[in-house]
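See structure below.
Each reported figure results from applying straightforward, stated rules to the coordinates on display, with no laboratory input. The structure displayed is predicted, hence computed values, not measured ones. Here Cβ is always computed from backbone atoms with ideal geometry, including for glycine, and neighbour counts include all displayed protein chains.
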Amino acid sequence: MATKIESGQDVITFLETQHRQIKQLFAEVRASTGDQRQSTFTALWRLLAVHETAEEEVVHPAARKSLPAGEAIVNARLQEENKAKKQLSELEALDPDSPEFEAQFSTFTMDVLAHAEAEERQEFEPLASSLNEEELTRLRRTVELAERFAPTRPHPGVESQTANLVAGPFAAMVDRARDLLTAKSQSNP
């Protein structure tokens, strides 16, 4: 299953559309089993990885700069993102049909959806009010570019713009090579 990233006119629409895609993928993972569950979970973690990287590289710095409480808002989101990356790394190592995966995935789902809601309410809405249409559209283009070069797997501890810019290209190259090898081995049993 390929990770399809939907586009919108501005960065807020773009990211909120991705939040809806993520929510849908959570439901699809819960509703599936076996190879279908693994495939859907892989699509979910890839979308989460590129989405969070782009937010960390582009959106959070804009919020820090543009919002009166930007520093506190972004720091809270970064803590949530670090926790989610750790959870996702643990889930990736589990059999997706195991009871342990089910339990951890349930907690992970609640945490990520709460994070997305907080992001939309505390970061996206104020950004939409603080920036003009041209700035929001430019941010969307920058987010789309960042996602094209983002790692496709979680990397706990890499939550800042600087860390993503330094470690991200190498991590993305390794992740994408790993993705190709995984896909090739699954198509040639």
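Once the other residues with Cβ under 12 Å from the Cβ of THR33 are scored (Lys, Arg +1; Asp, Glu -1), what is the net sum? Taking every Cβ under 12 Å from that of THR33, the sum is -3. The range 6-44 and the range 49-75 have Cα centres separated by 21 Å. Computed from label points 7 Å out along Cα-Cβ, the spacing between GLU134 and LEU113 is 4.1 nm.
Maximal additional length on extending the GLN36-LYS83 stretch stands at 14.3 nm, based on 0.36 nm per residue less the C-alpha distance.
Near SER130, within a Cβ-to-Cβ distance under 11 Å, what is the net charge of the other residues, with Lys and Arg +1 and Asp and Glu -1?
Values: positive: LYS65; negative: GLU123, GLU125, GLU135.
Cβ neighbours under 11 Å give a net charge of -2.
Converting phi to 3J(HN,Hα) with the Karplus coefficients 6.51, -1.76 and 1.60 and the offset θ = phi - 60°, the range 100-106 yields 5, 4, 3, 5, 5, 5, 4 Hz in sequence order, with x at every glycine or proline.
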